[in-house]
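Enquirer: Next up is a structure, given as structure tokens.
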Amino acid sequence: MLMWTRVLEGNDGFGRDFDFIYFTGPADFAQYFSFDGRADLEKLERFYDGLAKTDGKLADIKKTDFRNY
């Protein structure tokens, strides 16, 4: 968090470059992907498969790299 504090505060320490900051955590990702502890990796892989069909740049990324990231 120290690194992000320095990035967000900017050169003068007053954070003039940002209007709003929102940090996401595991619960935010779980809610977005509807993770509930049952077959969560399969849900993530289905998400990847669906998006990779329409996003050529994502299709260039291996599914395991996407999952592990």
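Enquirer: From (1) modelled with pLDDT under 90; (2) open to solvent by 70 Å² or more (accessible area, probe 1.4 Å), pick out the condition that doesn't hold for Lys62.
Expert: If we test Lys62 against (1) modelled with pLDDT under 90; (2) open to solvent by 70 Å² or more (accessible area, probe 1.4 Å), just (1) comes out false.
Enquirer: So, Asp65, is that one within 15 Å of the chain's Cα centre (by Cα) and charged (D, E, K, R) or not? Before you say what the answer is, go through the steps one by one.
Expert: Numbers: within 15 Å of the chain's Cα centre (by Cα): yes; charged (D, E, K, R): yes.
Answer is yes for this residue.
Enquirer: Still on this structure: Could you grab the pairs with beta carbons closer than 7 Å, sequence gap of 6+ or different chains, first residue in segment 5-32 and on the phi > 0 side of the Ramachandran plot, second one open to solvent by less than 90 Å² (accessible area, probe 1.4 Å) and not β-branched (Val, Ile, Thr)?
Expert: So the pair list comes out as Gly15/Leu8; Gly15/Glu9.
Enquirer: Turning to a different aspect of this structure: Considering segment 11-24 alone, what residues qualify as being of a type outside the set (Val, Ile, Thr), modelled with pLDDT of 85 or more and open to solvent by less than 100 Å² (accessible area, probe 1.4 Å)?
Expert: If the condition is that a residue be of a type outside the set (Val, Ile, Thr), modelled with pLDDT of 85 or more and open to solvent by less than 100 Å² (accessible area, probe 1.4 Å), then Asp12 is the only one that fits.
Enquirer: Looking only at segment 37-56, count how many residues are more than 17 Å from Tyr69 (Cα to Cα) and either surrounded by 12 or more Cβ atoms within 10 Å (Cβ to Cβ) or within 18 Å of the chain's Cα centre (by Cα) (or both). It would help to see each step written out before you state the result.
Expert: The initial filter retains those residues of segment 37-56 that are more than 17 Å from Tyr69 (Cα to Cα), namely 37-39, 50, 53-56.
Now restrict to residues that are either surrounded by 12 or more Cβ atoms within 10 Å (Cβ to Cβ) or within 18 Å of the chain's Cα centre (by Cα) (or both): 50, 55.
Residues meeting the conditions: 2.
The values are calculated or read from the model by the stated rules, or taken from the named source; none is laboratory data. Keep in mind the model is a prediction, meaning the values are calculated, not measured. Cβ: placed from backbone, ideal geometry, glycine included. Neighbour counts: every protein chain shown. Just the protein is used for accessible areas: all its heavy atoms, side chains included, with ligands, DNA and RNA removed. Shrake-Rupley method; radii C 1.70, N 1.55, O 1.52, S 1.80 Å.
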